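Just so you know, all these numbers are worked out from the coordinates, no wet-lab data involved. Quick caveat: nothing in here was measured; it's all calculated off a predicted structure. Quick reminder, even Gly has a Cβ in these numbers, built from the backbone with ideal geometry, and neighbours come from all protein chains shown.
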Amino acid sequence: MDWKGWRINPQVCYDLRFPVFCRNRFDVERPGAMDFDLQIFVANWPAPRAYAWKTLLRARAIENLCYVAAVNRVGVDGNELAYDGDSAVIDFLGSPQVEAHGREQVLTTTLSAAALATHRERFPAMLDADAFDLR
């Protein structure tokens, strides 16, 4: 989807484990552009898998040359599973811009379209990706 000049790819928590479903591709209809600039993940990742959650978020940002915003629940569910949150916004280099741990909170950050474009221009890894089509 497009919103205020940003191309956004919404995902759910389990999609994070499957890079092919989260894959950003070079957009042939818009020279120099990619399918999306930002991936958003909404999730229920329990605390015992927090390391995987954090690691995969960074991997998706790096491999897709995009920002990743991820929102995860906190507290304990009806099955006594604990959730630490670990919501975050990750930049295209895999560095967290903001992170939330262990409690409900509202965080804000600013994404830079110019910084993203500069990174993609200086490191055009998307040009080396194989073309594929999921059917």
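Observations on the structure shown:
- Rg over Rh, two decimals, the stretch 70-135 (C-alpha only, Kirkwood Rh): 1.16
- The angle between the Cα long axis of helix 50-64 and the longest principal axis of the Cα atoms of the chain comes to about 10 degrees, rounded to the nearest 10.
- Neighbourhood charge, 9 Å Cβ-Cβ cut-off, centred on Ala47 and excluding it, Lys, Arg +1 and Asp, Glu -1: -1
- The C-alpha atoms of the chain define a longest principal axis, and helix 113-122 lies at about 60 degrees to it.
- Estimated dipole of the stretch 2-128 in Debye, rounded to 20 [Cβ of Lys and Arg +1, of Asp and Glu -1, Cα centre]: 140 debye
- Taking the number of Cβ atoms within 10 Å of each Cβ as an exposure proxy, the fewest-first ranking of Cys66, Cys22, Cys13 is Cys13, Cys22, Cys66.
- Neighbour-count ranking [beta-carbon atoms within 10 angstrom, fewest first] of Arg25, Arg30: Arg30, Arg25
- Reported label for calculated P(r) over Cα pairs in 10 Å bins from 0, in percent given (1) 11, 39, 36, 12, 1; (2) 12, 43, 31, 12, 2; (3) 10, 27, 27, 19, 13, 2: (2)
- Compared with the alpha-carbon gap, the fully stretched path from Glu121 to Glu80 is longer by 10.1 nm at 0.36 nm per residue.
- Across the stretch 2-128, Cα pairs under 8 Å and at least six residues apart give a relative contact order of 20 percent.
- Cleavage-rule hits (GluC sites (Glu not before Pro)) in the stretch 59-135: DSSP loop, at most 15 neighbouring Cβ within 10 angstrom: Glu80, Glu104
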